[in-house]
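Beneath this line is the structure, given in structure tokens, with notes to follow.
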Amino acid sequence: MSKIETIGIVGAGQMGGGIAHVSALGGYKVLIHDVSPDRIEKGIATISGNMARQVGSGKLEEKARNDAMARISAAPAMADLAAADLVIEAATEDETVKRKIYAQLCPQLNPEAILATNTSSISITRLAAQTDRPERFIGIHFMNPVPVMKLVELVRGIATEDQTFEAAKGYVKHLDKTITVSEDFPAFIVNRILLPMINEAIYTLYEGVGTVDAIDTAMRLGANHPMGPLQLADFIGLDTCLSIMQVLHEGLSDSKYRPCPLLVKYVEAGWLGRKTGRGFYDYRGDQPVPTR
């Protein structure tokens, strides 16, 4: 397998943009694809702004920022990803969406290219089976926000070859990230532990044990968490939280993973957290205000 020099990213949103950000700073050429040129342009502008903040805080030199931005290019058509040695799918946490992407993407790729997914919960083995390269398919799960968080989970499917795993490891290490290896079980390690805790916090709110403020304050000051679980759920996105809990509930067939009805209600209302302006907090004013 040839050396990884060019990274293709499918999805210019928060996760895809973050992966592009750290990859470009790591010296890789980056090609970003999304469903429309406007989304790609917006994603690249966000990366530029985030790097500018790093420069302003003294964490990054201006020259390093300019060099990194010069390595990032738009890939309006999937065929534009043909030059990539590693393509990372960073689409929404929806298996149907991911399958459709692979069906369109695989015929466009170099036969030797590695295909990875940034899924936070879905079976790598099952996703790999929908591609033309299960041996060269792997889970590379970055944490959000990608430029800040040090951890990356690597997850092999049943067919993932050692060569693919070693190449992915080399890429992640080059980004100065810490690797943890998870077996291919629903939600892997981080979200297998984190999301049930968040779901339990939502049950605590649903059952009237405490208010939003009481629950988050209790966990910040009583368990020394950097942010409360409901605040964190809003940051992750309540739709993503629900998707992961559904994967756990269906994949492990255990009632303890049943998504809280209140979480379902918020998602049905379109109150998805920070990205929509309302979740367990209302973000439309100067300061977030609890919605319960």
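From the square roots a ≥ b ≥ c of the eigenvalues of the alpha-carbon gyration tensor of the stretch 191-286, which class results: rounded (a/c under 1.5), prolate (a/b over b/c), or oblate? Oblate, because a/c is 1.5 or more while a/b does not exceed b/c. Taking only alpha carbon atoms, the stretch 124-242 gives an Rg to Rh ratio of 1.07, where Rh is the Kirkwood radius. Rounded to the nearest 20 debye, the dipole magnitude of the chain is 420 debye, with +1 charges on Lys and Arg beta carbons, -1 on Asp and Glu beta carbons, and the Cα centre as origin.
Rg and Dmax over the alpha-carbon atoms of the stretch 11-116 stand at 14.1, 43 Å. The relative contact order of the chain comes to 13 percent, based on Cα pairs under 8 Å that sit 6 or more residues apart. Derived scalar couplings between HN and Hα for the stretch 248-265 equal 5, 5, 6, x, 10, 6, 10, 5, 5, 9, 5, x, 4, x, 5, 4, 4, 4 Hz in order, rounded to whole Hz, by the Karplus curve 6.51 cos²θ - 1.76 cosθ + 1.60 (θ = phi - 60°), x for Gly and Pro. Averaging Cα coordinates gives a centre for the stretch 45-83 and one for the stretch 272-292; these two points are 30 Å apart. Modelled spin-label separation between F185 and D94, with each label point placed 7 Å from Cα along the Cα-to-Cβ direction: 2.9 nm.
Counting other Cβ atoms within 10 Å, which GluC sites (Glu not before Pro) in the stretch 1-76 have at most 16 and lie in a DSSP loop?
Those that pass, being in a loop and sparsely packed, are E5, E61.
Across the options G8, S253, F280, the greatest Cα extent toward the positive end of the charge dipole of the chain (unit charges at beta carbon of Lys, Arg, Asp, Glu) belongs to F280. Taking the C-alpha atoms only, the angle from helix 14-25 to the longest principal axis of the chain is near 40 degrees. Of the trypsin sites (Lys or Arg not before Pro) found in the stretch 39-144, those in coil by DSSP whose Cβ has at most 14 other Cβ atoms within 10 Å are K59.
Give the Kirkwood hydrodynamic radius (Å, one decimal) of the stretch 6-182, defined as one over the mean of 1/r across all pairs of different Cα atoms. After inverting the mean inverse Cα-Cα distance, the result is 16.0 Å.
Every number in this text was worked out from the coordinates using simple rules, so none of it is lab data. If you're wondering where the values come from, they're calculated on a predicted model, not measured in any experiment. Here Cβ is always computed from backbone atoms with ideal geometry, including for glycine, and neighbour counts include all displayed protein chains.
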